[in-house]
C-alpha cells in the first residue's frame, strides 16, 4: 500500500516506510521529528518546474505533463524503480511532501503511477 502525507503531520505507525520525495528539506522541521526513512530527492520535480508551477491549480495539467517527461530521465527512472521495489517489499510506504495542497502535489502523481493509474 502506498499513501501520501504531508511531512509536517505527525508520524504514525500505519505510515510504514516513510519516503520524503521533495528536493528540499522541509523548512523548520527537525530530522528527528520528521522520522524519514529515505530522502529520495532525485524523484522530485526539477527546481525550474517546481518554481514555474507554484501550486497554481490552473497549471496542474501542464505540470503533470512536464513532470512525467522529467520522470523519463535516467536518474528519475532509477528512483521510480526504487519506489516500486519498496512498494513490493514493504507492507506500507508513505510518500512525504511539504506542500499544503495534497491533491496538487507530485506525491499524488507518484502514488498514482505506482498504483498503475494515470
Exposure proxy check on 106, 55: fewest-to-most Cβ neighbours within 10 Å is 55, 106
What value, in deg cm²/dmol to 500, does the helix sum -39500 (n - 2.57) over DSSP H runs of n ≥ 4 give at 222 nm once divided by the residues of the chain?
-> -11500 deg cm²/dmol
Those residues of segment 26-46 whose amide nitrogen sits under 18 Å from the label point placed on residue 12, 7 Å along Cα→Cβ = 34-37
If R0 is 25 Å, what FRET efficiency do you get for residue 52 and residue 77 from their C-beta distance, rounded to 0.05?
-> 0.65
Using the 10 angstrom Cβ neighbour count as an exposure proxy, how do 77, 19 rank, fewest first?
-> 77, 19
Of 41, 51, 111, how do they rank once you tally other Cβ atoms within 10 Å and put the fewest first?
-> 51, 41, 111
Given a Förster distance of 22 Å, the FRET efficiency implied by the Cβ-Cβ spacing of residue 114 and residue 60, rounded to the nearest 0.05, works out to 0.70
Rg/Rg_globular for the chain, with Rg_globular taken as 2.2 N^0.38 Å and Rg from C-alpha atoms = 0.99
In nm, to one decimal, how far is the modelled label at residue 1 from the one at residue 102, with both set 7 Å along Cα→Cβ?
-> 1.4
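Every number here is computed from the coordinates shown, using simple stated rules; none is lab data. Nothing here was measured: the structure is a model prediction, and the numbers come from that model. Backbone-built Cβ (ideal geometry, glycine too); neighbour counts: all protein chains shown.
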